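Before any comments, here is the structure.
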Amino acid sequence: MDFLVLFLFYLALVLIGIVTICICSKNYRLKGLVRGGAQIFSCIIPQCFQESLQKLLHYLFYTRNHTFIILHLVVQGMVYTEYTWEIFGYCQELEFSLYYLILPYLLLAINLSFFTLTCVANPGTITKANELLFLQIYEFDEMMFPKNVKCPTCDLRKPARSKHCRRTQDYRLTEISRVCNWCVHRFDHHCVWVNNCIGAWNTRYFLIYLFTLTASAATMAIVSTAFLVHLAVVSDLYQEIYIDDFGRFQVMDTVFLIQYLFLTFPRIVFMLGFVLVLSFLLGGYMCFALYLAATNQTTNEWYKGDWAWCQHCPLVAQSPSAEPQVYKNIHSHGLWSNLREIFIPAFPHYERKKK
Ligand SMILES: [Zn+2]
Ligand SMILES: [Zn+2]
């Protein structure tokens, strides 16, 4: 593997990150940029290839499937194998503290537990049996969540903050078991990485899963960096001299040192770059998820927040002359109350009432 492959890999990761931010952003210019890119793409790429790509994207992102779960576990397995195979052994030889070296494994154990919980837990699906209970949980704001609205698919009254997950009507897949097709209480989003909706009852698992994933990537990045720095210091690599392409003697600089380390430990440097990029991407998303939790908003509400009042509010639609109203989050009751709502949802209470 040479620098070109490494560079292309990181470039692809960064591009995926940028496109994802543009798609999820509320900024219409960024969205326009993605649409423009898609139009240029459609002019260049042959029709048959476009159709296949559309089917593939539809299958990946608009149906319930296990592709991303498998990909997630394979990548995680590869990173941990590399860490165990090379870094753990080398660091032990260099007498690194065992507590630091074991930390990624502890985080992995917690992460996999919460990953499984997020995947299999009921996100808070609304059924005939619990519909009435859910209707009493949150106030209707009459803007984003008007009262007495029925879900046309489930034929149930929609409680405030709920949403029908549209991972349904998928391409040539008719089995109900492979689609969500249900209304979810306090719907946040549908996560392809866990193949489940994120709602009132599993947001807490999702947040801990996200936190441990970010922490394990960051811990590995720190240990790998410490290992390489330690190696450079112990071997006095900064004191070395090399001969450049013109036959001149040069003192070792940072760029040459990175190239040298890459050629000596290619897999470790590659893994370090990967976990570094991942730490920043996951860290950014983690901050966003914490912001939503602290302000008692779901991703769905945050996304709709600015324009719910002007485009989708039935009141405004019926009377165009009505003054536009500014959407106000009525569910936030202070930081601790908001966090308690996520980490101690009213799940057992509903269950007891059902009996
Ligand atoms: Zn529904
Ligand atoms: Zn879903």
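What follows draws every value from the coordinates through simple rules; no lab data is involved. These numbers were taken from a predicted model, which means no experiment stands behind them. With ideal geometry, Cβ positions are generated from the backbone for all residues, glycine too; neighbour counts draw on all protein chains shown.
Which peptide among 183-191, 278-286, 206-214 comes first, and what is the full order, when sorted by highest mean count of other Cβ atoms within 10 Å?
By packing density, highest mean first, the sequence is 183-191, 206-214, 278-286.
By average Cβ neighbour count within 10 Å, what is the ranking of 193-201, 256-264 from highest down?
Put in order of decreasing packing, that is 193-201, 256-264.
If one takes the longest principal axis of the Cα atoms in the chain, at what angle in degrees, from 0 to 90 and to the nearest 10, does the Cα axis of helix 67-82 lie?
Long axis of 67-82 versus the principal axis of the chain: about 30 degrees.
With a/c under 1.5 counting as rounded, go ahead and sort the range 2-147 into rounded, prolate or oblate using the C-alpha gyration tensor (a ≥ b ≥ c being the square roots of the eigenvalues; past the cut-off, prolate if a/b is larger than b/c, else oblate).
In terms of gyration-tensor shape, oblate.
Would you work out if the range 18-80 is rounded, prolate or oblate? Take a ≥ b ≥ c from the square roots of the eigenvalues of the alpha-carbon gyration tensor; rounded if a/c is under 1.5, else prolate when a/b is larger than b/c, oblate otherwise.
Here the range 18-80 falls in the oblate category.
Once you sort the root eigenvalues of the Cα gyration tensor of the chain as a ≥ b ≥ c, which label holds: rounded (a/c under 1.5), prolate (a/b larger than b/c) or oblate (the other case)?
Prolate, since a/c reaches 1.5 and a/b exceeds b/c.
Output the pairs from 55/150; 31/147; 31/128; 158/328; 158/304 with a Cα-Cα distance over 27 Å in this structure; if there are none, say none.
Flagged as over cut-off: 55/150; 31/147; 31/128.
Identify, among 281, 75, 165, the residue whose Cα sits farthest towards the positive end of the charge dipole of the chain, taking +1 on the Cβ of Lys and Arg and -1 on the Cβ of Asp and Glu, with the dipole about the Cα centre.
165
Counting other Cβ atoms within 10 Å, keep those with at most 14, restrict to DSSP loop, and tell me which trypsin sites (Lys or Arg not before Pro) in the range 85-168 are left.
Hits after loop and neighbour filter: 128, 147, 166.
Arranged from highest to lowest average of other beta-carbon atoms within 10 Å per residue, in what order do the peptides 31-40, 134-143 appear?
My ranking of the peptides, most packed first, is 134-143, 31-40.
As a test of the formula, what do you get for the chain when each DSSP H run with n ≥ 4 contributes -39,500 (n - 2.57) and the sum is divided by the residue count, at 222 nm and rounded to the nearest 500 deg cm²/dmol?
Calculated at 222 nm, the ellipticity per residue is -18500 deg cm²/dmol.
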